[in-house]
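Input: a single structure, listed below in structure tokens.
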Amino acid sequence: MKTKEQLLHILSQFRTEGNLVSAEPFGNGHINDTLKVTDDKGEIRYVLQRINHAIFTNVEMLQNNIHTVTSHIRKKLEARGEVDIDRKVLTFLPTKDGKLYYFDGDSYWRVCLFIPRSKSYEEVTPELSYEAGKAFGDFQSMLSDLPEGALGETIPNFHNMEFRLQQFHDAVQANPAGRLNEVKGLVDEIEKRAEAMCIQERLYREGKLKKRTNHCDTKVNNIMFDEDGKVLCVIDLDTVMPGFVLSDIGDFIRTGANTGAEDDPDLNKVGVNMPIFESYTRGYMETAKSFLSPLEISMLPYGGRLLTYMQTVRFLTDYINGDTYYKIHSPKHNLQRTEAQFKLLQSLEEHAGEMDGFMKQWL
Ligand code: ADP
Ligand code: GN1
Ligand code: MG
């Protein structure tokens, strides 16, 4: 990591205000490095991020996408007569020479305003989950009129299940870290479900499903709430791109509607939290129903299983590959994550009938 002086030098490339004195680690994402920037009065002013360039290889496209999305949402909020807009959409600062990021010779950096009096959660209540559902539905709805081609795919095939399985099969075939024997049982479980989990790609080829603009990382900690539990805004916009609609309900079910943690070492704690699923879905349907097709609505619970399956596949692929993608905090972290996600998947499968029944009120 950089020294404080180096970080302050990076910050000085941007059109910041105030006398900035420190930049310290913040949040617990698996991909980028996030830092909070404080001024000489002790106030947090900005969020500085080092973009993971190994994963987001086209930083120009990435930052253009984010600029397009935040400008579009800002216009919508203005048209609605919203106040306090700087807390309701992320505001990125240009560099002094007018660029959307700064390259220091080895890393790419960006800066946005810190949202004051805001909070994100790793676990939610049904009330917060209902608000989050409305917010993600509204986010998709506000972006639903972006013209085709307005956004690029920052990670090509990001939520394409067929592609993720291809990567998984490549890893199994190559077995580069010699870990395959240890995970044979999990590999079989993945294979058993492979065909059923590629429905969206198939329906798309048959012309029955269209692509929309999705957030694609609707983790519960990517929503900022105010002190009264109302949503301020959706953050972490790196993966906003065209894709299948189930992504944005699926990843919330995966992360919010889990009684345990994403990487819980105690599998007994992991399982679907039905009240969270129901309240998120209720909120989401309030803002998203107008643009969803009946087929998409009926598939929403499948979205929870799909995104949990996809994450199981992605964590296991990374474990087999020797931990090259996700930041890990212990040697078997990716295996622990895989097992916890698989346990959640089994629980979602057990509750599938109940979840489908809940959707009937909108069909
Ligand atoms: P990552 O890609 O590492 O998940 P995020 O952009 O989601 O990065 O940021 C990580 C955490 O930092 C968030 O969960 C949130 O708590 C906090 N955070 C990020 N941006 C802001 C902001 N503009 N204002 C306040 N807090 C923020
Ligand atoms: C990554 O950056 P973060 O932690 O929000 C990943 C998501 C995964 C998630 C699993 C670009 O998100 O797709 O679902 O970890 N982001 C990328 O926790 O791969
Ligand atoms: Mg995040």
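The values are calculated or read from the model by the stated rules, or taken from the named source; none is laboratory data. Here the structure is a predicted model, which means the values were calculated and not measured. Here the Cβ positions follow ideal geometry from the backbone for every residue, glycine too, while neighbour counts run over all protein chains shown.
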Quick test of your reading of the structure: Met241 fulfils all but one of (1) within 15 Å of ligand 3 (Cβ to nearest atom); (2) under 27 Å from Leu48 (Cβ atoms). Name the failing condition by number. (1)
Kindly establish whether Val231 is within 16 Å of ligand 1 (Cβ to nearest atom) and either touching a Gly at 6+ places or on another chain (Cβ under 7 Å) or not aliphatic (A, V, I, L, M) (or both). no
Name the pairs whose Cβ atoms lie under 6 Å apart, with the first residue in segment 316-328 and of a type in the set (S, T, N, Q), the second in a loop (DSSP other than H, G, I, E, B), and 6 or more positions between them or separate chains? Asn321/Pro176
Note on segment 110-146: residues within 16 Å of ligand 1 (Cβ to nearest atom), more than 18 Å from the chain's Cα centre (by Cα) and in a helix (DSSP H, G or I) are none
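Okay, residues lined up against (1) within 18 Å of Asp236 (Cα to Cα); (2) surrounded by fewer than 16 Cβ atoms within 10 Å (Cβ to Cβ); (3) of a type in the set (Gly, Ala, Ser); (4) modelled with pLDDT of 95 or more:
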{"site": "Leu7", "(1), (2), (3), (4)": "no, no, no, yes"}
{"site": "Val21", "(1), (2), (3), (4)": "no, yes, no, yes"}
{"site": "Asp39", "(1), (2), (3), (4)": "no, no, no, yes"}
{"site": "Val47", "(1), (2), (3), (4)": "yes, no, no, yes"}
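Can you confirm whether segment 215-226 contains a residue that is touching a residue at least 40 places away in the same chain (Cβ under 8 Å) and away from ligand 3 (no atom under 16 Å from the Cβ)?
Among the residues of segment 215-226, at least one is touching a residue at least 40 places away in the same chain (Cβ under 8 Å) and away from ligand 3 (no atom under 16 Å from the Cβ), which makes the answer yes.
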Tally time: how many residues in segment 245-264 are charged (D, E, K, R) and more than 16 Å from ligand 1 (Cβ to nearest atom)? 1
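Return yes or no: is Ala54 away from ligand 2 (no atom under 13 Å from the Cβ), without any contact (Cβ under 8 Å) to a residue 40 or more places away in the chain and out of contact with any Lys or Arg (no Cβ under 7 Å at 6 or more places or on another chain)?
No: the conditions fail for Ala54.
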Are there any pairs with C-beta distances below 7 angstrom linking a residue in segment 163-189 that is farther than 17 Å from Thr324 by Cβ to a residue that is among the aromatic types (Phe, Trp, Tyr) and assigned to a helix (DSSP H, G or I), with the two at least 6 apart or on different chains, and if so which? Leu186/Phe342; Glu189/Phe342
Within segment 211-237, residues being farther than 21 Å from Thr281 by Cβ and more than 16 Å from ligand 2 (Cβ to nearest atom) number 5
So which residues in segment 329-363 are touching a residue at least 24 places away in the same chain (Cβ under 8 Å) and either assigned to a loop (DSSP other than H, G, I, E, B) or of a type in the set (Lys, Arg) (or both)? Arg337, Lys343, His351, Leu363
Which one of the conditions (1) within 16 Å of ligand 2 (Cβ to nearest atom); (2) in contact (Cβ under 8 Å) with a residue 60 or more places away in the chain does Gln200 fail to meet, given that it meets all the rest? (1)
Search segment 265-297 for residues being polar (S, T, N, Q) and in a helix (DSSP H, G or I), and hand back the single one that is surrounded by the most Cβ atoms within 10 Å (Cβ to Cβ). Thr281
Can you tell me which residue among Leu348, Leu316, Leu307 is in contact with a Gly (Cβ under 6 Å, 6 or more places away or on another chain) and under 18 Å from Phe158 (Cα atoms)? Leu307
Of Lys75, Lys119, Lys99, Lys134, the only residue that is surrounded by 18 or more Cβ atoms within 10 Å (Cβ to Cβ) and either among the charged types (D, E, K, R) or on the phi > 0 side of the Ramachandran plot (or both) is Lys134
